[in-house]
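In what follows, a single structure is set out as structure tokens and then discussed.
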Amino acid sequence: LAPAPGSTASTTDNFQLVGKVKGSHSRVLWGISWSHDDALLATGARDNLVKIWRAPAANADPSQSSAGAEAQAQLQQPLLTLPAFASPVTALAFAECGVQGLTSVPGQGSSGSSASGSNYLLAVGLESGEISLWEIRAQGEGA
């Protein structure tokens, strides 16, 4: 990307790396989705797994500050991993808004917003053509 005409900023002033994970999945990533509030990142891959990660702070620089080190630490381990699917994950999408008053998720009983965290709805598409909906309960601060 080139700077805007008349701009004196170099292209490296326009972006910075805030975190990365090597080997997050054992096979190729086929789907990545941000939650509606940018707090969570879901990744899905040919390894039949979906992993949920807590998003790093946008202003964190992993190479130069304690905030950057914290952002990098957040990405080292997923917040959670869904049970393995029967076929590769090819698509992911968070709902545009959080889960409010969801009365039941098949096999999971009653649910809804929790005082200790936020709830998210994630659609997972598989290579087999199956689509499943998952309620993700992110516990703790920042979720």
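The values are calculated or read from the model by the stated rules, or taken from the named source; none is laboratory data. All values derive from a computational prediction rather than experimental measurement. Virtual Cβ from ideal backbone geometry, glycine too; neighbours counted across all protein chains shown. Accessible surface is based on the protein model in full, side chains and every heavy atom, while ligands, DNA and RNA are left aside. Shrake-Rupley method; radii C 1.70, N 1.55, O 1.52, S 1.80 Å.
Looking only at residues in region 9-31 that are β-branched (Val, Ile, Thr) and touching a Leu at 6+ places or on another chain (Cβ under 7 Å), which one is farthest from Glu127 (Cα to Cα)?
Per the stated criteria, the residue is Thr11.
Where residues in region 90-131 are open to solvent by 70 Å² or more (accessible area, probe 1.4 Å) and under 16 Å from Asp38 (Cβ atoms), which of them is modelled with the lowest pLDDT?
Among them, the one singled out is Cys97.
Could you please give the count of residues in region 31-53 that are open to solvent by 40 Å² or more (accessible area, probe 1.4 Å) and over 18 Å from Pro83 (Cβ atoms)?
Residues in region 31-53 being open to solvent by 40 Å² or more (accessible area, probe 1.4 Å) and over 18 Å from Pro83 (Cβ atoms): 5 in total.
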